[in-house]
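The values are calculated or read from the model by the stated rules, or taken from the named source; none is laboratory data. Just so it is clear, the model here is predicted, and its values are computed rather than measured. Cβ placement follows ideal geometry from the backbone for every residue including glycine, while neighbour counts extend to all protein chains displayed. Just so you know, the surface numbers come from the protein's heavy atoms only, side chains and all, with ligands and any DNA or RNA stripped out. Shrake-Rupley method; radii C 1.70, N 1.55, O 1.52, S 1.80 Å.
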Amino acid sequence: MNTITILLLTFILSVTGLFVFIWSLRKKLFDDNPAAANVIFTEGEIGKVEEPAATRDQHQALQQVVDDSYTGTVDPERDARMKAELEDRLRADGSTKYVTFVFLSCAVVWLIFASTAGLISSIKLHEPDFLSGYAWLTFGRIRTLHLNAVAYGWAPMAAFGIAIWTLPRLLKTELMGGRFALLGAMLWNAALIAGLGSVAAGFNDGLEWLEIPWQIDILFVVGGALIGLPLVFTLQNRKVEHLYVSIWYMGAALFWFPVLFLIGNLPGVHFGVEAATMNWWFGHNVLGLFYTPVALASVYYFLPKIIGRPIQSYNLSLLGFWALAFFYGQVGGHHLVGGPIPGWLVTLSIVQSMMMIVPVLAFSVNQHLTMRHHFKTLIYSPTLRFIVLGGMMYTLSSVQGSFEALRSINTITHFTHFTVAHAHLGLYGFFSLVMFGAIYFVMPRVMSWEWPYPKLIALHFWLVVLGFGIYFVGLSIGGWLQGVAMLDASVPFMESVRVTIPYLESRSIGGALMTLGHIVFAIHFASMTLRYGRKRVGPALFHGRRTQVGTASVEA
């Protein structure tokens with residue numbers, strides 16, 4: 001099949017998709033408050049904010065912002081039904097407490113380790129002799145340790161923890177088989193420790209994102225399967241008829257990831273050019289078909305819960321899901337532009353990369369319209385700052401990635417620090433910020449305890465945002481200048497290296513601020529675990545409004 005045929009087929013597909021989109025608009029795609037979007041709320045919750053990370057004053061101000069745009073009604077019968085649903089929610093929250101805490105605790109530990117390794121590797125780019133006395137601290141190994149600690153430590157532990165806490169709530173049932181998840185977490189972390197140890201000792205499989213030896217990967221597969229079992233059992237015992245869009249995203253992510261990981265790590269199958277093609281098929285799809293769906297699912301749940309209103313367009317959220325599932329599968333090939341692979345494969349990857357604008361636009365429009373008239377809530381909601389900013393970074397990183405796939409731009413940015421900046425925009429600016437926000441929302445429910453030092457949440461936010469801003473802007477400029485210099489035959493290669501030095505130094509400054517923010521986050525997390533600060537009686541649902549559940553009085 002030649003390139004012209006591929007382009008023609010994709011053009012026809014694009015036009016067909018456009019007509020489907022127009023048809024959806026005519027079917028009132030943007031109707032306010034469709035019934036399907038209301039399933040995450042108990043009856044009577046719409047119009048009531050839910051922000052356990054906020055102080056009492058912040059919560060009152062947050063509710064005032066929502067009250068200005070929403071008029072509620074008094075209904076005693078509805079309040080009675082709401083009480084019964086809240087009891088179910090409390091049982092669902094109680095069933096996930098210990099399992100969620102284990103996963104999120106592991107995530108925080110790996111975040112600190114990965115941040116430290118990343119900062120060391122960053123400094124080595126402009127100070128090569130820094131910590132050069134040990135083989136495992138050389139750039140090639142410490143940078144690989146950083147990548148794998150993020151990819152298989154912080155990111156999946158946070159994703160699994162949030163999924164395990166969220167799904168029982170969405171399905172309105174208790175978590176089934178939590179012990180399988182705990183055993184899976186033990187095996188997963190044991191595999192990661194063994195894998196990082198092998199990388200530090202100089203043993204790896206030589207493929208980016210797939211460095212850990214395949215013999216150790218068997219433990220990841222078994223551990224991941226055990227983690228997935230409770231989610232399947234819980235889904236089978238659900239008490240809801242409609243599956244909210246967040247379940248679609250999380251369920252798909254938990255199905256896609258094992259397939260990706262198993263195929264990517266099959267020993268003795270992928271060689272030469274085929275190995276390179278598989279490598280970027282795996283590397284890109286882990287981001288787009290595992291981390292991205294989990295983060296989008298979190299946004300679609302936590303954002304409406306915090307501001308007390310359903311997402312603006314439920315149909316648009318489903319359009320974004322199916323477009324992501326359809327278009328993302330082959331985008332990784334644009335990392336091989338100019339490589340010895342078939343031209344049609346690269347062209348297909350470029351086209352699908354551009355088509356990713358469809359699901360990104362669907363999400364971005366939906367988030368903006370949902371937040372319309374509610375942006376002032378960002379002033380008062382610590383969680384919402386992370387969630388909304390993370391969602392915005394998804395838009396930016398995806399659009400940038402689509403255009404970066406074009407040959408005219410790829411020619412400049414390929415093999416430069418620009419690509420590194422883009423990768424961090426997706427996995428950190430989008431995924432990690434959303435996970436931070438989700439953890440701030442979830443932990444007061446898990447621990448039945450207030451965040452002890454609210455100012456540390458603000459400090460964490462500004463440190464990571466400022467640090468990442470310096471990191472991203474510096475690497476983007478330095479990478480572009482590096483690419484231009486490498487394309488100029490009259491410029492010596494070492495000049496393309498020297499031109500990046502100031503920007504690599506800015507990368508280390510930004511990375512140091514981000515690492516400091518992570519340390520603040522970890523200290524605050526540990527403080528809550530050790531029961532410092534204020535005590536909360538029962539899970540936090542809403543500040544300042546008390547509902548009798550059983551014989552106990554809890555903040556609802």
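Output the residues belonging to the stretch 65-104 that are out of contact with any Lys or Arg (no Cβ under 9 Å at 6 or more places or on another chain), at pLDDT 80 or above and surrounded by fewer than 20 Cβ atoms within 10 Å (Cβ to Cβ).
Leu90, Arg91, Gly94, Tyr98, Phe101
Taking the options Trp449, Trp462, name whichever one is open to solvent by 10 Å² or more (accessible area, probe 1.4 Å) and modelled with pLDDT under 95.
On the way: Trp462 fails: modelled with pLDDT under 95.
Residue meeting the stated conditions: Trp449.
Quick check on Ile162: is it farther than 29 Å from Thr500 by Cβ and either assigned to a helix (DSSP H, G or I) or in contact with a Leu (Cβ under 7 Å, 6 or more places away or on another chain) (or both)?
Yes; evaluated as a whole, the condition is true for this residue.
Would you check which residues across the stretch 228-270 are of a type in the set (A, V, I, L, M, F, W, C) and more than 16 Å from Pro293 (Cβ to Cβ) and list them?
Restricting attention to the stretch 228-270, the residues satisfying the condition of being of a type in the set (A, V, I, L, M, F, W, C) are 229, 231-233, 235, 240, 243, 245, 247-248, 250, 252-257, 259-263, 266, 269.
Matches in the stretch 228-270: Leu229, Val232, Phe233, Val240, Leu262, Ile263, Leu266, Val269.
Only one residue in His146, His126 is farther than 30 Å from Phe41 by Cβ, touching an Asp or Glu at 6+ places or on another chain (Cβ under 6 Å) and of a type outside the set (Lys, Arg). Which one?
His126
Is it fair to say Ile142 is open to solvent by less than 50 Å² (accessible area, probe 1.4 Å) and either touching a strand residue (DSSP E or B) at 6+ places or on another chain (Cβ under 9 Å) or among the aliphatic types (A, V, I, L, M) (or both)?
yes
Taking helices (runs of 4 or more DSSP H) that fall entirely within the stretch 344-445, which contain at least 3 residues that are without any contact (Cβ under 8 Å) to a residue 60 or more places away in the chain and within 30 Å of Val484 (Cα to Cα)?
Details: elements: 357-371, 377-380, 382-404, 407-413, 417-424.
Where helices (runs of 4 or more DSSP H) fall fully within the stretch 344-445 and carry at least 3 residues being without any contact (Cβ under 8 Å) to a residue 60 or more places away in the chain and within 30 Å of Val484 (Cα to Cα), they are 382-404, 417-424.
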